[in-house]
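Single-structure report; data block below.
The values are calculated or read from the model by the stated rules, or taken from the named source; none is laboratory data. All values reported here derive from a predicted model rather than from experimental measurement. No Cβ is skipped: glycine too gets one built from the backbone with ideal geometry, and neighbour counts run over all protein chains shown. Surface accessibility is based on the protein's heavy atoms, side chains included, excluding ligands, DNA and RNA. Shrake-Rupley method; radii C 1.70, N 1.55, O 1.52, S 1.80 Å.
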Amino acid sequence: DIQMTQSPSSLSASVGGRVTITCQASQNIKNYLNWYQQKPGKAPKLLIYDASHLETGVPSRFSGAGSGTDFTFTISRLQPEDVATYFCQQYDTAPLTFGRGTRVDVK
Amino acid sequence: QVRLAQSGAEVKKPGASVKLSCTASGYKFTTFGLSWLRQAPGQGLEWIGWLSTFNDNTKFAPKFQGRLTMTSETSTSTVYMELRSLTSDDTAIYYCARGQHGYFADAFDIWGQGTMITVSS
């Protein structure tokens with residue numbers, strides 16, 4: 001299975017601040033990488049697909065970059081409603097696998 | 001609007017089976033395959049498997065092979081997942097999710113609300 005190493009496991013930032021999460025794949029997954037947001041008690045929500053494409057309706061403060069094995073997810077100006085856990089997911093090879101998640105809080 | 005509605009929570013004994021349903025609405029059912037995923041309490045997400053709603057082809061994660069069945073019923077736009085030989089490790093919230101482009105290897109753009117399955121003696 002492809003292992004997805006996501007870091008950090010948690011972080012805290014100020015409203016308006018910049019947040020960066022990294023995800024490293026154990027092998028080359030081209031750009032087959034997605035990012036999700038999950039709020040407590042809710043299903044995950046797709047934010048970024050194919051490493052850098054913003055899902056329809058998702059605010060432009062969310063962005064993704066990378067290819068191969070190293071990927072980043074950025075929130076450019078953190079808002080209170082962005083408090084959530086964020087997951088990366090690869091779909092290059094079955095079984096599809098996820099990172100362990102990054103919990104984002106507001107200071 | 002596009003929606004996936006899942007069946008309700010269940011409590012099962014170890015060794016039992018569970019069959020969950022996921023009913024789609026707001027789009028053409030046979031255009032998009034559906035995956036099942038799960039999330040154990042306080043844990044991350046795990047992909048279980050995928051079903052093509054077009055031709056009933058399936059793709060399962062190896063760890064579930066042999067105790068997993070996925071089927072669909074086009075007349076009701078419903079996908080079913082049956083998991084057998086349950087253990088406490090199967091206690092989790094189970095989600096169905098639509099593949100963005102209809103394939104098993106895909107982003108999941110629409111999710112059901114989740115179904116809590118508790119396995120306990």
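For A:Thr56, the conditions (1) of a type in the set (Val, Ile, Thr); (2) part of a strand (DSSP E or B); (3) within 11 Å of another protein chain (Cβ to nearest Cβ); (4) surrounded by fewer than 19 Cβ atoms within 10 Å (Cβ to Cβ) all hold with the exception of (2).
Among the residues of region B:79-104, which ones are surrounded by fewer than 19 Cβ atoms within 10 Å (Cβ to Cβ) and either at pLDDT 95 or above or assigned to a strand (DSSP E or B) (or both)?
Of everything in region B:79-104, those that are surrounded by fewer than 19 Cβ atoms within 10 Å (Cβ to Cβ) and either at pLDDT 95 or above or assigned to a strand (DSSP E or B) (or both) turn out to be B:Tyr80, B:Glu82, B:Arg84, B:Ser85, B:Thr87, B:Ser88, B:Asp89, B:Thr91.
The residues of region B:1-38 that are within 16 Å of A:Lys42 (Cα to Cα), of a type in the set (A, V, I, L, M) and loosely packed, with under 15 Cβ neighbours inside 10 Å, listed by number, are B:Ala5, B:Ala9.
Tell me, which residue of region B:44-62 that is over 15 Å from the mean Cα position of the chain (by Cα) and within 8 Å of chain A (Cβ to nearest Cβ) is modelled with the highest pLDDT? Selected residue: B:Pro62.
When B:Asp89, B:Asp56 are checked against the criterion of being among the acidic types (Asp, Glu) and at positive phi, B:Asp56 stands alone in meeting it. Selection of region B:106-121 for residues being hydroxyl-bearing (Ser, Thr, Tyr) and open to solvent by less than 40 Å² (accessible area, probe 1.4 Å) yields only B:Thr115.
Tally time: how many residues in region B:74-114 are within 14 Å of another protein chain (Cβ to nearest Cβ) and either hydroxyl-bearing (Ser, Thr, Tyr) or more than 18 Å from B:Ser52 (Cα to Cα) (or both)? The total comes to 7. Of the listed requirements (1) small (Gly, Ala, Ser); (2) away from chain B (no Cβ under 11 Å); (3) assigned to a loop (DSSP other than H, G, I, E, B), A:Gly64 misses just one: (3).
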